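Engineer: Next up is a structure, given as structure tokens.
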Amino acid sequence: MLKSDWFTNARFGLFLHWGLYAIPAKGEWTYAKDKWLPGEYECLIHQFNPVDYDPAEWARMAKAAGMRYVVLTTRHHDGFCMFDSHYTDYKITNTPYAKDVTRMLVEAFRAAGLKVGFYHSLPDWTHPGYADRESPEFIQRGELHTPTPEQHRDYLNLLYNHVEQLMTEYGKIDLLFFDYCSQYKAGEDYFERDRLLEMVYRHQPEIMVDDRLAYYKDNVRDFDYYTPEICVPNQPQMVKNKPVVWETCATMNDHWGYFRTDFNYKPVESLTAGLIGCVSQNGNLLLNIGPDECGCFPKPAVTRLKELADWFLDNGEAVAGCGKSKFQAPFGCCYTQKGKVIYCYFLIQPIGDVILPQLKGKIETITLLRTHEAVEMINNWGFELLNADEQRIRPENVRVGDVLKITLK
Ligand code: GLC
């Protein structure tokens, strides 16, 4: 048993970017990218009141969509805490809503049988002890202050204390997603990562911690998992020539945090293809939703979750517990595999028969998961030149996103 087993088995999780930035609704970087008067953004704390927040309903939707864990932004780069921090007043319990939304989420998702993870930002744009070129002062005014050693120590203590509270007051936490060490801090130990990690593992020995405590090219130590972003890698991720546990995070539209006018949602076929693509290279997909200021998922996100749920009902067995197949997928398809079963996902609707490389004589049965219909193997077709190890098959009524279950002898 490895501590990562639940994670590599789960394959699919829900990422939630939620904070004060849901009110202006221009994404979670609005504090850095848009023009705010001094103190104006911070005043949103007096407005945040997500009265429709219903984490049990979120958990139900996520679970139906095939997701097996959730990761919530407990604090993003704006420094605002979505939990009842003992160390700052800039927190959810000082809003009109006044409740600890993190605790509510943890309880609801756990009750639904999902694993629970926390995202926690390393950058704190509001703290004088943190300075970086990817911060509002530099992005907006080209300025970069230099924190005094005392200020930086203060920043580090706050980060440490926040994380320690999250690791000790919310029960068993399955995953911790630190974000991020910028390129300007490459080669540095700006966050005192070993001190942080020692504390995290002391309280949560089973927890999975991501790689973003270091600049991703630095290779300073082994992390529990690695985090490519908004892409599907073409091969299993390797660090120091060894395959590693990994998860791609991606957005349903073009932003992490709620963005009122971003309706550019990917079709469900792209989402299932991206998921299968990650699984086919032994990775996970963490799919993001940015809830709005009322505590609701945007409507198009709810639609996507329902569509995913429909797809999962038929095809979910191609995801959980699956990984890379050693066989080459046919034209227009992508494989995942679990033991003797290959799952063949259709990226396109085929023009006709499908030719499976390397599988001649190896197949016991083939069925189309959505219809449970058996798929015919064509053994005496004369027009094409097949390699001796290729098997021609004739799946009927295949749509994009369909999956064949190919059971090997
Ligand atoms: C990037 C973005 C950040 C987001 C994260 C998710 O680091 O800067 O806003 O939370 O990606 O992985």
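Engineer: Which number in (1) away from the ligand (no atom under 16 Å from the Cβ); (2) within 21 Å of Ser121 (Cα to Cα); (3) buried (at least 18 other Cβ atoms within 10 Å of the Cβ) marks the one condition that Gly187 misses?
Structural biologist: Exception for Gly187: condition (3).
Engineer: Select from the stretch 225-240 the residues that are surrounded by 14 or more Cβ atoms within 10 Å (Cβ to Cβ) and in a strand (DSSP E or B) and write down the one among them that is farthest from the chain's Cα centre (by Cα).
Structural biologist: Val239
Engineer: Take Leu286 and tell me if it is of a type in the set (A, V, I, L, M, F, W, C) and within 14 Å of Trp311 (Cβ to Cβ).
Structural biologist: no
Engineer: Could you look through the stretch 203-236, keep only residues that are among the acidic types (Asp, Glu) and within 12 Å of the ligand (Cβ to nearest atom), and pick out the one that is nearest to Glu169 (Cα to Cα)?
Structural biologist: Asp210
Engineer: Are any residues in the stretch 59-80 within 16 Å of the ligand (Cβ to nearest atom) and under 13 Å from Gly13 (Cα atoms), and if so, which ones?
Structural biologist: Correct list: Tyr69, Val70, Val71, Leu72.
Engineer: While we're on this one: Can you confirm whether the stretch 241-250 contains a residue that is over 16 Å from Thr8 (Cβ atoms), within 13 Å of the ligand (Cβ to nearest atom) and assigned to a loop (DSSP other than H, G, I, E, B)?
Structural biologist: Scanning the stretch 241-250, I find no residue that is over 16 Å from Thr8 (Cβ atoms), within 13 Å of the ligand (Cβ to nearest atom) and assigned to a loop (DSSP other than H, G, I, E, B), so the answer is no.
Engineer: Restricted to the stretch 82-106, and to residues that are closer than 14 Å to Cys43 by Cα and either among the aliphatic types (A, V, I, L, M) or in contact with a strand residue (DSSP E or B) (Cβ under 9 Å, 6 or more places away or on another chain) (or both), which residue is surrounded by the most Cβ atoms within 10 Å (Cβ to Cβ)?
Structural biologist: Ile92
Engineer: Tell me whether the stretch 41-60 contains one or more residues that are in a loop (DSSP other than H, G, I, E, B), among the charged types (D, E, K, R) and under 16 Å from Lys99 (Cβ atoms).
Structural biologist: yes
Engineer: Kindly provide the set of residues from the stretch 323-358 that are small (Gly, Ala, Ser) and not in a loop (DSSP other than H, G, I, E, B), ordered by number.
Structural biologist: Gly323
Engineer: Moving on to the next point. Restricting to the stretch 252-266, and then to whatever is within 10 Å of Ala22 (Cα to Cα), within 14 Å of the ligand (Cβ to nearest atom) and part of a loop (DSSP other than H, G, I, E, B), can you tell me which residue is nearest to the chain's Cα centre (by Cα)?
Structural biologist: So, considering only residues that are within 10 Å of Ala22 (Cα to Cα), within 14 Å of the ligand (Cβ to nearest atom) and part of a loop (DSSP other than H, G, I, E, B), the one nearest to the chain's Cα centre (by Cα) is Gly257.
Engineer: Mind listing whichever residues of the stretch 1-50 are acidic (Asp, Glu) and touching a strand residue (DSSP E or B) at 6+ places or on another chain (Cβ under 9 Å)?
Structural biologist: Glu28, Asp34, listed by residue number.
None of the figures in this text is laboratory data; all of them are computed from the coordinates on show. Just so it is clear, the model here is predicted, and its values are computed rather than measured. Neighbour counts are summed over all protein chains in view; Cβ atoms, including those assigned to glycine, are modelled from backbone coordinates with ideal geometry.
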